[in-house]
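Here is the structure we will look at.
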Amino acid sequence: MQLLKDAILERGSVKNGDVLKVDAFLNHQMDIPLINEMGKAFQEYFKNQHITKILTIESSGIGIACIAAQYFNVPVVFAKKSESRNLDGAVYTSRVTSFTRQRNYDVMVSKKFLAADDRVLIIDDFLARGSALLGLIDIIRQSGATIVGAGICIEKAYDDGGSKVRGLGIKVHSLAKIEYMDENRIVFAD
């Protein structure tokens, strides 16, 4: 998606060689017109999949998933990274490792919100090593629901996460794939 690639080049920056900062428009401050176009792009790609739920992970994926969900007219469910008093009853859980925070989380989704008859699209901001995505796939499988695919804003194509997920037979649609990046340049795979 050229609009997203342009935003990455104009407003993104690379830190320490492998951290792409897009907090000016995607995961801290959010550029709603841009994310709206991303939501349309996800809907266009997955439009014939009869999606009933969108699943994401706390917290950066929530806003993106919500904007995309308006085009599918379905609810958004997000996996929580910590227990809270308002997360009651039985839950599906999976362990994920955060690339940016360098820590492990047991993510949870209430069993009330995913069922065997759901057709679930995962939406997330980044795909690098794939831990978050694999954790969400695990939760969907625990529920018995169908995994329709994954809509990813930015994929680091040089990392192995995308190939791991695609190797499971899951359709991954990334709006911007980065082939190479360092502090001086970003090269897109597409």
Problem - Relative contact order computed over the chain (Cα-Cα under 8 Å; 6+ residues apart), in percent - result: 20
Handout entry: the chain: calculated mean residue ellipticity at 222 nm from DSSP helix runs of at least 4, using -39500 (n - 2.57)
Key = -9500 deg cm²/dmol
Exercise for the section: Taking the Cβ of each residue in Asp31, Asp124, Asp18 as the centre, tally the other Cβ atoms inside 10 Å and list the residues starting with the fewest. Expected result: Asp18, Asp31, Asp124
Completion exercise
Check: C-alpha center segment 4-81 vs C-alpha center segment 113-150, spacing in Å is 15
Practice task
Take Met108, Met38 and order them by how many other Cβ atoms sit within 10 Å, fewest up front.
Solution key: Met108, Met38
Fill in the blank from the handout: Stretched fully, the stretch from Ser163 through Asp23 gains (0.36 nm per residue minus C-alpha distance, one decimal, in nm) 47.8 nm
Exercise for the section: With only Lys, Arg, Asp and Glu charged, each at its Cβ (+1 for the first two, -1 for the last two), find how big the charge dipole of the chain is about the Cα centre; round to the nearest 20 debye. Expected result: 480
Fill in the blank from the handout: Which of Asp159, Asp23, Asp117 fluctuates most in a GNM of the chain (C-alpha springs under 10 Å)? That residue is Asp117
Completion exercise
Counting as exposed only trypsin sites (Lys or Arg not before Pro) in DSSP loop states with no more than 12 other Cβ atoms inside 10 Å, the longest exposed-site-free span of the chain is 102-190
Problem - Selected from Ser163, Ala115, Gln43, residue furthest toward positive end of dipole (the chain; charges at beta carbon) - result: Ala115
Completion exercise
Rounded to 0.05, the calculated FRET efficiency for the beta carbons of Ala116 and Ile62 at R₀ = 35 Å is 0.90
Handout entry: Residue order, fewest to most surrounding Cβ atoms within 10 angstrom, among Cys153, Cys66
Key = Cys66, Cys153
Problem - Out-of-range pairs (alpha-carbon distance over 20 Å; input Lys40/Lys80; Lys53/Lys112; Lys5/Lys47) - result: Lys40/Lys80; Lys5/Lys47
Exercise for the section: Please give the direction-averaged projected area of the C-alpha convex hull for the chain, in square nanometres with one decimal. Expected result: 10.1
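A short reminder: the numbers here are calculations on the coordinates, not readings from a lab. Nothing here was measured: the structure is a model prediction, and the numbers come from that model. With ideal geometry, Cβ positions are generated from the backbone for all residues, glycine too; neighbour counts draw on all protein chains shown.
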